[in-house]
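Contents: one structure, followed by commentary.
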């Protein structure tokens, strides 16, 4: 649905959404070209053909617009993953969700390292971890995931998220030949203490 098709918004609200979208599209394009480390607010507003001050009407700072972009990608990936694994029983459901995450990360290694790695943003890293932990806890509480352990879902979600995010960063920053499936296999074995059942 385009901004002009959003129901019950007046012209000013539609224009505001359109401007925000212009900024997001400019940030996405620029980040793809120059990377997170060289991304600037001026670069974004120039690319969007908007005034520098316009940026601050929509985003608090550079990390806020980058997080908005990451959030959109993460939400789309979550929906795609859930559709792909909905028919599977746990723990295969969790395992295949990890494969999906590592497959995505395989195509975004440089961005993951730049955003969350040694020289990345601590704030963006925390937001991404909070996002994943919330999703994991929700899946555990709703019975979509199960660790097979009698431990609180909040604890399990934090533990799994910590392991998953740290592995994503390490895998992205460190030269290695592990495939996405091998990474998911090892994570599965580390958490469940048994080999992955083959379907």
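For the reader, a short list of remarks on this structure follows.
- Filtering region 97-124 to residues that are under 29 Å from residue 198 (Cβ atoms) and surrounded by fewer than 18 Cβ atoms within 10 Å (Cβ to Cβ) leaves 103, 104, 106, 107, 108, 109.
- Each residue in region 14-53 was checked for being farther than 24 Å from residue 111 by Cα and not in a helix (DSSP H, G or I), and 3 pass.
- Selection count where residues are part of a helix (DSSP H, G or I) and farther than 18 Å from residue 21 by Cβ, scope region 54-69: 1
- Among (1) loosely packed, with under 13 Cβ neighbours inside 10 Å; (2) within 15 Å of the chain's Cα centre (by Cα), the one test that residue 152 misses: (2)
- Against the numbered list (1) closer than 22 Å to residue 179 by Cβ; (2) touching a residue at least 12 places away in the same chain (Cβ under 8 Å), residue 71 comes up short only at (1).
- The criterion of at least 3 residues that are in contact with a helix residue (DSSP H, G or I) (Cβ under 9 Å, 6 or more places away or on another chain) and farther than 25 Å from residue 37 by Cβ is met by the following helices (runs of 4 or more DSSP H) wholly inside region 70-175: 92-106, 122-141, 153-173.
- Sub-6 Å Cβ pairs linking a first residue in region 17-41 that is at positive phi to a second residue that is part of a helix (DSSP H, G or I) and surrounded by 14 or more Cβ atoms within 10 Å (Cβ to Cβ), at least 6 apart or interchain, are 35/114, ordered by first then second residue.
Taken together, the values in this text are just the output of simple stated rules run on the coordinates, not laboratory data. All figures in this text were calculated on a predicted structure; none of them were measured in a lab. FYI the Cβ positions are ideal-geometry reconstructions off the backbone, even for glycines, and counts take in every protein chain you see.
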